Amino acid sequence: MNLSRRDFLKATGLSGIGLAMASLGLDMPKVKAAAKEFKLKGAREFTSICHFCACGCGVIGYVKDDKLVQLEGAVDSPINRGALCSKGLGYGHIPNSKERAQKPLYRAPGSDHWEEISWEEAIDKAAHAMKNAREKGWKQTEEIDGKTYEVRRTDGLSFIGGSQINNEECYQNIKMARALGVVYIDNQTRVCHANTPPALGAAFGRGAMTNPWADIKNTHLIWIEGSNLAECHPMGLKNVMAAREKNGSKIVHVDTRFTRTSKIADDFFQVRPGTDIVFMGYIIHEMLESGKFNKEYVLQNTNGACLLRDDFKFDDGLFSGYDAEKKAYTNTETWGYALGADGKPQKANDLFAPNTVMSRLKEFYSRYTLEMVENITGMKAEDAKRAASIWIENDKPAIIMYALGMTQHTVGVQNIRCFTIMQLLKGNVGIPGAGIIAMRGQPNVQASTDFGIEFNMQPGYLVHPTHKTPTLEKWTEAFGTFRRKWYVNMTKAWFGEHATPENGYGFDYGAIRNGNHPDSIYAIFEDAWKGTMHALYLCGQNPQMTNANLTMVHDGLCKMDSLIVQDIFVNETAEFWNRPDDNPSEIQTEVIFLPACSYLEREGTITNSMRLIQWRMQGPKPVGDSKPDYIINDMLWKRIRELYKDSTEKKDEPIKYMSWNYSQENYIEDVMKEISGYNVATGELVNGIGELKDNGETASGMWIYAGYISREGNRTKRRGQEDPGDIGIFPQFGWVWPDNIHILYNRASCNLDGTPKDKEHPLVWWDAAAGKWTGYDVPDVGNRTAGPDTPDGQKPFRMNGEGIGRLFAATYKDKNPDGMTRDASSTPVDGPIPEFYEPVESPTHNALHTNELAQFNPCVKYPRVPEKQPLGTKDKFPYVLTSSGIAEHWCSGTVTRNIPWLNELVKEPFVEISEQLAKKLSIKEGDKVKVSSARGAVVVKAMVTKRAQPLTVNGEETHMVWMPYSWGFKGLAKGPSTNYLTIDALDPNTQEQEFKACLVNIVKA
């Protein structure tokens, strides 16, 4: 080949190396294959699951000489099919990162530096710190509402973390915490998707994503609201585009600003932050007025025809039963049904007969007019009308996809409840290509929630006992014999032979919460500042970055005795004492840092948004002296137990009796077997939930995972590619909880007689000849041999007490023949129907209510600590701030800001403002500006865009600004933290903060 230097440079300069080589006549696929073969020759291949958003993408890694040399997408994963986003690929840098913590570290009180210590010393210090805090804050009894209760708990020790560790490590953490009597326990779900389970659960019975990622291809309308899917869940978008390619599916995006997701959408609708309920309420109003909803589905599968009590009232923003002094609904009896003699809800033949759920909904949402939408949301009337028409006129399967844009509000639960009403009215639950896609944002935040790493829950979504349910009998009266079975299995797994009928199968070893005091991640730092919280154990989380109102976090940490941090990097929380402009000598908190290894360096299982549990193989060896979390947990717990070995006090019995018998050879699978369940007498594993007993004969650490390892083996390792029915289920790939049911509530896809409604696209059905339910998916029925003419065969939403979907979240307990509660349905604390309230910090008044008590959510208690939680007003802070993530960085940035090429893509934080606001403030692109709220101020550069247009709200021009939040004072890329500005006002159902709407001011710096 004759080639001049000039020709070579011309080719490579214009087209890049790859195209240049092709232009020289080289066969590029062969060149690439040869290069890869050379690079990977002699390497060991392993598979794992990505560390970032909860899509659960499969990855393949290659290890040579104990080093990771390649990371790529797994082509056999039904979720990502070989693709990875920038973050997923970027993680390949982490196992070889020089920034990784490789030795245990200790920061003495008042010190300005770390010192390296041995693992033995680190574990000993951590165990003693936790013991000291436990003892310092111990409460054996407590007087609550004038009565003394035995509570058996500590208020001096707290746990945070779980969303970035594996399932089995989550289980270890919850066992440690509960044995120690800890009730202040939380994980990342509190600040992201805490509002999802109670919202979906109040309607459907379970609080999880209803359909699998690969099923999205079957939809015809994709409604994305409160999510920048393209940046935050890129492989979710991959499945959306598959639907468009297959069906020509229409994509609608509703958000506060135009994003990369808006760009691929067919229609984009902008709303003011915090006003989605008005927009969706209008759509519900139009559906009910026009009659364009699925009447057959509503009659068969929902409580639409159920009669409500006559004394249920709603007046100027308040439901009946409100106590203004307590800022709570203290009497919710009026929210119930009109019950028949059998204790069941009475039903009318006509959906709109007086006092039916449907007639009450129609009356309630009649206030949500087109004029109200325009005045409150700022959306133009013609746009709102067009959006409603798109939804209402579609008569094919539709999905709703959402993320933190819906959850992070003081009305977050009710935001999502609107989605459930829209989908139940359309008959879009329990069928392919439909449902609600709740997109979780951390790799294992679904499982850390499943495992009850929350103050208010136990594993498997069992409510944690409070002073109102202090015994197993009273707990059963409140939540039912149906759920008692799972509680007994859990405590039997925990306490073994010590769990007996006399102590409620171990129930009496557990702590009792004060039901009047939320013990969330926010209370941890507030109570530390008050002097009652003494130590925090933190695993894989960075609250000095991810909480709202970071000043409260920092000041709380400063007053603790001890902080134990377990992570792969020394993050902002671990080094809070070294924050710029602080004086370390004034901070007397000791810090013990335990270096954990990355996800690629350990094995275990992980659960993604669609409830799919997959196996992670170990790739490279841990870096330096770092260790897998499960090994650290094991060392820590054994040392704590050793400290209590000679105790004869009753309060220490849970520590001594808690099961912890895992072999070093098969550690993870031994933990899995305890979680999944077994026969106590024989040790034989169960194959599923149906084999669990309620009398102590079986034990299961978390009932919803029963069968994920079984007599058939470790099902999470399966990688089968078969997809019967071509639905996107892949039943032999991994394991989905519960019982490998991929499309939840799939009984609703059938007629009353058990035949498929859509005969061209059947999902499950009753096989009369075989006498059982069968199908392409596992049928979501309690008893698969109970025919469609039996009570058990007629419950499309069997996890609700009523057995049907709940448009109106009534208070209801289903009774056994003996009068004991069988099951209890869940009702949000702020109302049975979603109602609009303004954000706590708002630029306007609530146009729906004149009542001052109902300007923002009347159940919100804020400020809780007035000295640390100031409120901003429009006169000083005229602009609305909303914040979220971006494609190139993730959450606190602990990982992504330590990946050089991601920092090159986006190196610093900024504030995005409209062209109109920039002109008003004389700000140009790239100018440094000071963004301030009532809680703090940061200086960043301005990005001037067309993405968020000013809106006219109640007759006034209103501006919104936007900021990413992934920067702090640690890592390779540093920058001011947006969360010094945000407000820690909390949704009363869950204590999740209002990240998406607070007031700020902007001036040139």
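Taking trypsin sites (Lys or Arg not before Pro) across segment 606-669, the ones in a DSSP loop with at most 11 further Cβ atoms lying within 10 angstrom of their Cβ are 645.
The Cα center of segment 928-950 and the Cα center of segment 647-717 differ in position by 52 Å. Placing a pseudo-label 7 Å from each Cα along the Cα-to-Cβ vector at residue 874 and residue 502 gives an inter-label distance of 6.7 nm.
Segment 820-838 and segment 951-1005 have Cα centres separated by 29 Å. Centre-to-centre separation between the Cα atoms of segment 119-188 and those of segment 233-257: 43 Å.
Express as a percent, rounded to the nearest 5, the fraction of DSSP beta bridges in segment 852-1004 (both residues included) that run antiparallel. If you can, show how the numbers build up before the last one.
On the way: 17 of 27 bridges.
In segment 852-1004, DSSP labels about 65 percent of beta bridges as antiparallel.
Note on residue 717: aspartates and glutamates with a C-alpha under 14 Å away, same-chain residues under 8 apart excluded, are 76, 603, 669. For the chain, the mean residue ellipticity at 222 nm estimated from helices alone is -7500 deg cm²/dmol, where every DSSP H run of n ≥ 4 contributes -39500 (n - 2.57) and the total is divided by all residues, rounded to the nearest 500. Between residue 99 and residue 342, full extension at 0.36 nm per residue minus the direct alpha carbon distance yields a gain of 80.9 nm.
Exposure proxy shown here: for 689, 512, the number of other Cβ atoms within 10 Å sets the order, fewest to most, as 689, 512. For residue 868, the lysines whose Cα comes closer than 17 Å to its Cα, not counting residues fewer than 8 places off in the same chain, are 530, 559. Partner lysines whose Cα lies under 23 Å from the Cα of residue 41, excluding those fewer than 8 positions away in the same chain, are identified as 30, 32, 64, 67, 621.
Restricting to bridges with both residues inside the chain, how much of the DSSP beta-bridge set is antiparallel, in percent to the nearest 5? Kindly include the intermediate steps, with their values, before the conclusion.
Values: 71 of 121 bridges.
So the antiparallel bridges in the chain amount to around 60 percent.
For segment 852-1004, a/c is not less than 1.5, where a ≥ b ≥ c are the root eigenvalues of the C-alpha gyration tensor, and a/b does not top b/c. That puts it in the oblate class.
Please say if segment 603-656 is rounded, prolate or oblate, where rounded means a/c under 1.5 for a ≥ b ≥ c the square roots of the C-alpha gyration tensor eigenvalues, and otherwise the choice is prolate for a/b larger than b/c and oblate otherwise? Intermediate values should be presented prior to the final figure.
Values: a/c = 5.35, a/b = 1.76, b/c = 3.04.
Because a/c hits 1.5 or more and a/b fails to exceed b/c, segment 603-656 counts as oblate.
Cβ crowding within 10 Å ranks 897, 484 as 484, 897, fewest other Cβ atoms first. Fewest neighbouring Cβ atoms within 10 Å first, the residues 481, 261, 982, 682 line up as 682, 481, 261, 982. The shape of the chain comes out rounded: with a ≥ b ≥ c from the C-alpha gyration tensor, a/c is under 1.5.
All of the numbers you see were taken from the coordinates with simple rules; none came from a lab. Bear in mind that the values here come from a model prediction, so they are computed numbers and not experimental data. Ideal geometry is used to build each Cβ from the backbone, glycine not excepted, and the neighbour counts take in all protein chains shown.
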